[in-house]
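Here the structure comes first, spelled out in structure tokens, and everything after it is commentary.
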Amino acid sequence: MNIGIDKIGFATAQYMLNMDDLAESRNVDPDKYSKGLLLNNLSITPVNDDIVTLGASAAKSILSDQDKEDIDMVIVATESSVDQSKAAATWIHHLLGIQPFARSIEMKEACYSATAALDYARLHVQKHPESKVLVIAADVARYGTNTPGEPTQGAGSIAMLISKDPRIMLLNDNSVAQTRDIMDFWRPNYSTTPFVNGIYSTKQYLSMLKTTWEEFQKRFETSLADFSAFCFHVPFPKLALKGFNKVMDKNLPEELQAKLKDNFEKSILYSKQVGNMYTGSLYLGLLSLLENSENLAAGDNIALFSYGSGAVAEIFTGTLVNGFKDMLQPSRLESLKNRIKLSVEEYEKLFFEEVEVDSEGNATVADYKTGAFALKEIREHQRIYGEVNDNK
Ligand code: HMG
């Protein structure tokens, strides 16, 4: 049975921080961010825009009423949970009006979990061919001011509808995963920001890419020559570029090398404007590739490298299907320019503002601009979300 991605949607914050402004404020050469990390802007979420609102907005942009009747599982992959018990998927299920007889769960393994969610969705549809699964990757990457990770923050969500006979990309039954118990990036329950061994984390990313790719080629008797594009987890685009250079085979015909290089450049266009979306980053790369590449055709194979600190990596593949372009939007680079530009001072206030809950468990939440949904208030310790009806 053919199973894969039938629809893919994206939502990000309505505010952004320019990297040159950040560099100036931090007394850093702007080239370090624009050339050293390959980043131009970061999406910045206010206190009323979180994984629930971002995830619901991304999904709302793609779902029809029929999809909402057909979906019987909602999986939210995230490491930016808003609750230790209740799954973000339960709020999103309600906000979207999905039929009640559905399973809703949250999954975690740093930036890797959306890949596990996709595989679970694929297996579920294999068993229940009429069902559709909504997989949402949503995160807010927040490292703190004046930290090495600060220029690699970001936020956003990718929503994917998984079904049989998908109209964008088949998910093939071939993957290799790898686990290493390492401390490259982690966030204990008592901390709102992660602890990071930054350079070590980049080495582990590249080492797990190399070893997983070697194993993948061996197990499936394949090589880069069988692919038109390779997408990577993008904590910041420069690391993905290093990953691309690691898998590139200089013995391939020059034309194929050029095609792979061009498609790689297309896959990082959105990340350069958004920053790290943690578990959604790989899929933002896929979306960026599909909406901006001019040389892809039905039947083309795409390799994907997923990496989550801690660490789990996986390489898997997809195959584009006839008419995939009809299911996508034109490039979103122009619309990303519509985000409200913040000064560094405004960013420092907005991104780190926290809801102050009183002794009764109530809080008002500032009414900043969001996508289709917003956190409205906290009432007796309960987060109350709603649709945004006005045009702020
Ligand atoms: P840093 O202090 O910016 O490191 O920290 P750097 O001094 O090595 O500079 C970075 C690059 O800028 C280097 O390029 C410099 O040469 C260059 P490279 O040599 O590596 O090609 N550079 C310049 N280029 C042009 N003009 C200049 C200039 N100055 C320097 N004037 C670090 C970098 C990644 C450590 C930091 O940003 C960080 O800690 N980030 C957070 C951790 C991270 O993103 N790790 C990635 C792997 S782990 C992962 O992917 C998982 C993750 O997404 C989380 C999860 O799974 O949940 C993070």
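The values are calculated or read from the model by the stated rules, or taken from the named source; none is laboratory data. Here the structure is a predicted model, which means the values were calculated and not measured. Virtual Cβ from ideal backbone geometry, glycine too; neighbours counted across all protein chains shown. Quick note on the areas: whole protein, heavy atoms, side chains included, nothing else; ligands and nucleic acids left out. Shrake-Rupley method; radii C 1.70, N 1.55, O 1.52, S 1.80 Å.
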The listed residue being within 9 Å of the ligand (Cβ to nearest atom), at pLDDT 95 or above and not in a loop (DSSP other than H, G, I, E, B), out of THR279, THR211
THR279
Is it fair to say VAL133 is open to solvent by less than 60 Å² (accessible area, probe 1.4 Å), of a type in the set (Val, Ile, Thr) and either farther than 30 Å from GLN66 by Cα or at pLDDT below 95 (or both)?
no
Within region 36-64, residues being within 16 Å of the ligand (Cβ to nearest atom), within 11 Å of ILE92 (Cβ to Cβ) and either not in a helix (DSSP H, G or I) or not hydrophobic (A, V, I, L, M, F, W, C) (or both) number 0
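Looking at LEU375, LEU296, LEU286 in this structure, which one is open to solvent by less than 50 Å² (accessible area, probe 1.4 Å) and part of a loop (DSSP other than H, G, I, E, B)?
LEU296
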Within region 81-90, is there a residue that is within 18 Å of the chain's Cα centre (by Cα), open to solvent by 10 Å² or more (accessible area, probe 1.4 Å) and within 16 Å of the ligand (Cβ to nearest atom)?
yes
Considering GLU387, GLU380, which residue is at pLDDT 95 or above, over 26 Å from the mean Cα position of the chain (by Cα), acidic (Asp, Glu) and open to solvent by 50 Å² or more (accessible area, probe 1.4 Å)?
GLU380
Which one of these does VAL76 not meet: (1) open to solvent by less than 20 Å² (accessible area, probe 1.4 Å); (2) part of a strand (DSSP E or B); (3) more than 16 Å from the ligand (Cβ to nearest atom)?
(3)
So, in region 137-185, of the ones that are of a type in the set (Val, Ile, Thr) and either within 30 Å of GLY299 (Cβ to Cβ) or more than 15 Å from the ligand (Cβ to nearest atom) (or both), which residue ends up surrounded by the fewest Cβ atoms within 10 Å (Cβ to Cβ)?
VAL176
So for region 2-14 (the condition being away from the ligand (no atom under 16 Å from the Cβ), farther than 30 Å from GLY323 by Cα, over 20 Å from the mean Cα position of the chain (by Cα) and open to solvent by 40 Å² or more (accessible area, probe 1.4 Å)), does at least one residue qualify?
no
(1) under 24 Å from SER207 (Cβ atoms); (2) open to solvent by less than 20 Å² (accessible area, probe 1.4 Å): which one isn't true of GLY310, the others all being true?
(2)
Pairs please, first residue from region 254-268 and β-branched (Val, Ile, Thr), second anywhere and modelled with pLDDT of 95 or more, Cβ atoms under 7 Å, 6+ apart in sequence or on different chains.
ILE268/LEU38; ILE268/VAL234; ILE268/PRO237; ILE268/ALA240; ILE268/GLY285; ILE268/SER288
Output the residue which, of all residues in region 313-323 that are of a type outside the set (Val, Ile, Thr) and buried (at least 20 other Cβ atoms within 10 Å of the Cβ), is farthest from the chain's Cα centre (by Cα).
LEU320
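Tell me which strands (runs of 3 or more DSSP E) are completely within region 131-189 and hold 1 or more residues being within 15 Å of VAL274 (Cβ to Cβ), or say none if there are none.
Ranges flagged: 132-141, 154-164.
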When the residues of region 108-130 are narrowed to those that are open to solvent by less than 10 Å² (accessible area, probe 1.4 Å) and among the hydrophobic types (A, V, I, L, M, F, W, C), which ends up farthest from the ligand (Cβ to nearest atom)?
VAL125
Out of (1) outside the structural domain of SER61 (by the TED database); (2) in contact (Cβ under 8 Å) with a residue 60 or more places away in the chain, the odd one out for ILE199 is which?
(2)
Name the residue that is nearest to the ligand (Cβ to nearest atom), counting only residues in region 225-253 that are over 25 Å from GLN273 (Cβ atoms) and open to solvent by less than 50 Å² (accessible area, probe 1.4 Å).
PHE227
